[in-house]
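Each value in this text was obtained by applying a stated rule to the coordinates, not by laboratory testing. For clarity, every value in this text was computed on a predicted model and none was experimentally measured. With ideal geometry, Cβ positions are generated from the backbone for all residues, glycine too; neighbour counts draw on all protein chains shown.
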């Protein structure tokens, strides 16, 4: 039996909202934290899906933006919490504990780095693109490890979650609300983006750069813009993730994390709007359920992932909704 | 810094590079012939190291251990090729990445389940342990010289195999045009299994050889895997010659960067800070090298030009 | 291990019917490359709990995979969902820094069986945080002190380039009175030390100090032994614990390392611990197992006097530390870190097994350099 993709999408979002509310009623705050984690990972993967799914560029270094977002939060909040202004030469900056400001900084910095990395990386394609993005990710990883001013390998602890006007973000359900709202807004914008002329051009650039060029468009430029948007969204997710854990460390830059983001998308369905969201939910649920069963839970996770690749082409959405084209 | 020290460091870089070549050769062959990105290649390296440690521990013979490493890794490679990989040749790169990522999880925890959580013992055989004095008064471990020799021998052997034998012709043909050689009556699925097993055996050999001077433990394959990918990308994917040049470049950059960058920073910083800065930058040096090569030549040094 | 798994499962099952009085959350590393340490801490801890015969203590054990974000998530789970009274188990300093400050501020007690990062001993100390192992610098300081008494005057020192590595070299230099022939920071996770060994060979050092925990130390020692350099090596116990010595083999024989514990420390508690641990798990206990065992016994001693719900009384009971430690005398300093004797041990071979033997005392009644900064 095949389900309509829109119905499926609506059900997923509804479930993501209902589970924490149920947990709130049952007084199970950890379940809320767990769903929040899925929401944030989903957001990061939604960002990655713009380049990977819509644009066909397999970035194996997106943890770079996740980490930049995390460190943007970490550094700003660290200076605010220790009352040590950040000396930038021309002027000093007090640091901040305000979430909206942190989000803005995280997105702007991620976008700028994405511009630079994209300019250099997009000269390559295919496997070379995978590897050059990995290389940039590794550079950031090793840099963060040796950056003693902000904790190096130990990372930075931020003891109290940052502030959002009118909310107490330390209450799990309120922080969940913030993250869920952001995810919905971003999903809405991404859906609009995909249907816009830009999204269509990006889809065309994925299929054939030459044809796009003959239309008078510059495929490089389209891909670069997509890469920047994608980096900014993943950076925003990184800032939220850091706030969820009240902690940042170089592991946010690790290649394993880049790999996990890709895995989330494939589980859900590449190029599908809600693919990353479903993938993140399934991944977090598996991690949580299997981890409690056995010491050797990685084996089972591996087997399940293998089965998804071998028997559920097009990801779980593909399995549920049938072979409808992923690209409108 | 004396010239003896510099020569010794160059030897170290060569030795590291040659070992990377053993890993990278298999990866690049598998990619060249089958178009497959095999993240599980590092697991085969680990399988080789564990097989060597287990067999050398039981029989006391390091050589038997190495043979076991190649056999075990080749077997593991052939099995995963037939059970999993074979279904993925037509799949997009992404599915291959996920499937081989899943294999890493299975291999790592499976090995831990079999051998326990503690590192295994594996030592250099007595005959080739200890240092030897080279011309010019350089004391250098015999075992590392042996590694360089073995690596070069394998490189020559591979070159002969590919250039001078019937299988080599099939491999080269497979890289160029898969449909054609299938049409010419070559059993393509047998050829694929064979190439996969060959690449796996080389990774297993590298694992066994390096395991003797390093720690035989779970997860030992992943750092090497990443470097091996860097190597084949620098060399140009699919090119064994490129893998050789790339491996030496990466080995030398990594080793010499770690030695000379801190010295360089000492010229204008105090010792401790220079050490830390130099070491931080040298850990990025390999990736910087790869970035530069790709920006200069987007398909690597010896890659096919589009 | 299997038998113990049954015990835990049984405890969990029991807990679903009758709520346990005291709930302990253990977050430790049970999968991946660093699993050996976490398993030892867990086994030592559970051995003591089993020996106590108390069935009103429930221990919830979770695997952090050595990832800080997983550890933080598990900590949230322990506090929000399991509602534990006491937490323990973390092996790595960076994970401890991610988890401990938040946990102790939510009125949970934390007993550290391994990591002792300097911020938690100094300015960031907390009344609910107790370290049962050591402050991170301790064993390195002892290595420096040992180098003095061994008459070394020119050391070559190396450690990975990360905060614990910096602490290690700082700790060594704090006590070592000689000159430094060289100071190197290696990459974290580095496996080939040929370049560093060549620099040691080229230097005029009379001794080598290194801090390379886990697999890094195995690699270094094997390569160092093969290089033919015969300068004496000193290091902290982390590269010479029971779990990895067998993997290093002959290359470690005769190396002096510093530790607050060894299996030949002569007291009845320790003798019984070594014997029962070996009988239960079929292997010799390591440093980490002894720390896990001591942590559980400290907890048990405090539970005999007070309930965790009465936080002040429970804290006083912990601070008194009236339990039989495998280390002999055990006392907390003002910052809740141990004041203890640190020994110099030598690696020997007993039959087919490599192990350590105490050869002397490196530091007596040693506290740490940060206690003065702690305002509790």
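For residue A:94 paired with residue A:312, estimate the spin-label separation in nm (one decimal), with each label point 7 Å from Cα along the Cα-to-Cβ line.
For the pair residue A:94/residue A:312, the computed spacing is 4.9 nm.
Apply the a/c threshold of 1.5 to the C-alpha gyration tensor of segment A:89-236 and tell me whether it is rounded, prolate or oblate.
oblate
Could you work out how far apart the two model spin labels at residue B:126 and residue B:164 are, taking each label as a point 7 Å from the Cα in the direction of the beta carbon, and quote it in nm?
For the pair residue B:126/residue B:164, the computed spacing is 3.8 nm.
For chain A, what is the calculated [θ] at 222 nm in deg cm²/dmol (nearest 500), taking -39500 (n - 2.57) for each run of four or more DSSP H residues and dividing by its residue count?
Value at 222 nm, helices only: -23500 deg cm²/dmol.
Tally the DSSP beta bridges in chain C and give the antiparallel ones as a percent, rounded to 5.
Roughly 35 percent of the beta bridges in chain C run antiparallel, per DSSP.
For chain C, count the residues as N, evaluate 2.2 N^0.38 Å, and divide the Cα radius of gyration by that value, please.
0.96
At a Förster distance of 22 Å, what's the computed FRET efficiency of residue B:113 paired with residue B:79, Cβ-Cβ distance as r, to 0.05?
Step by step, r from the Cβ atoms, then E = 0.80.
For chain C, what is the mean residue ellipticity at 222 nm derived from helices alone (per DSSP H run of n ≥ 4: -39500 (n - 2.57); sum divided by total residues; nearest 500 deg cm²/dmol)?
After summing the helix terms and dividing by the residues of chain C, the value is -13000 deg cm²/dmol.
For residue A:11 and residue A:207 in the same chain, what is the full-extension length gain: residue separation times 0.36 nm, less their Cα-Cα distance, in nm?
Gain on extension, residue A:11 to residue A:207, equals 67.5 nm.
How big is the shadow of the Cα convex hull of segment A:5-321, averaged over all directions, in nm²?
17.7 nm²
Can you tell me the 0 to 90 degree angle between the C-alpha axis of helix B:93-115 and the longest principal axis of chain B, rounded to 10?
Helix B:93-115 and the main axis of chain B meet at about 70 degrees.
For residue C:55 and residue B:58, FRET efficiency with R0 = 45 Å and r from the beta-carbon atoms, rounded to 0.05?
After rounding, the FRET efficiency stands at 0.55.
Give the relative contact order (percent, whole number) for chain A; include only Cα pairs under 8 Å separated by 6+ residues.
About 33 percent, as a whole number.
Using alpha-carbon pairs under 8 Å, 6+ residues apart, how would you state the relative contact order of segment B:81-168 in percent?
Result for segment B:81-168 is 12 percent.
Quick one: helix B:166-176 against the long Cα principal axis of chain B, what's the angle to the nearest 10°, folded into 0 to 90?
Helix B:166-176 sits at roughly 90 degrees to that axis.
Any idea what angle helix C:287-305 forms with the longest principal axis of chain C, computed on alpha-carbon atoms, 0 to 90 degrees, nearest 10?
30 degrees
If you consider only alpha-carbon coordinates, what radius of gyration and Dmax does the protein assembly as shown have, in Å?
Rg, Dmax (Cα atoms, Å): 28.0, 86.
Compute the relative contact order of chain B as a whole-number percentage, counting only Cα pairs closer than 8 Å that sit 6 or more residues apart in sequence.
34 percent
Taking every DSSP beta bridge that has both residues in the protein assembly as shown, what percent is antiparallel when rounded to the nearest 5?
Percent antiparallel among DSSP bridges in the protein assembly as shown is about 45.
Mind sorting B:268, A:66, C:332 by how few other Cβ atoms lie within 10 Å of their own Cβ, fewest first?
Lowest count first: B:268, C:332, A:66.
What is the extension gain from residue A:159 to residue A:189, computed as 0.36 nm multiplied by their sequence separation minus the C-alpha to C-alpha distance, in nm to one decimal?
Result for the pair: 7.5 nm of gain on full extension.
Calculate the spin-label point distance for residue A:289 paired with residue B:91, positioning each point 7 Å from the Cα along the beta-carbon direction, and give it in nanometres.
2.1 nm
Other chains near B:131-141: what is the mean number of their Cβ atoms within 10 Å of each residue's Cβ?
2
Kindly state, to the nearest 0.05, the FRET efficiency for residue B:3 paired with residue C:312, given R0 = 56 Å and r defined as their beta-carbon distance.
0.25
By count of other Cβ within 10 Å, fewest leading, how are C:366, A:288, C:146 ordered?
A:288, C:366, C:146
Rank-order C:309-319, A:28-38 by packing density, defined as the average count of other C-beta atoms within 10 Å over each peptide's residues, highest first.
A:28-38, C:309-319
Would you mind ranking B:190, C:305, C:67, C:222 by Cβ crowding within 10 Å, fewest neighbours first?
Lowest count first: B:190, C:305, C:67, C:222.
Using only the alpha carbons of chain B, what is the convex hull's orientation-averaged projected area in square nanometres?
17.9 nm²
Provide a whole-number value for the mean count of partner chain Cβ atoms within 10 Å of the Cβ atoms in peptide C:296-309.
0
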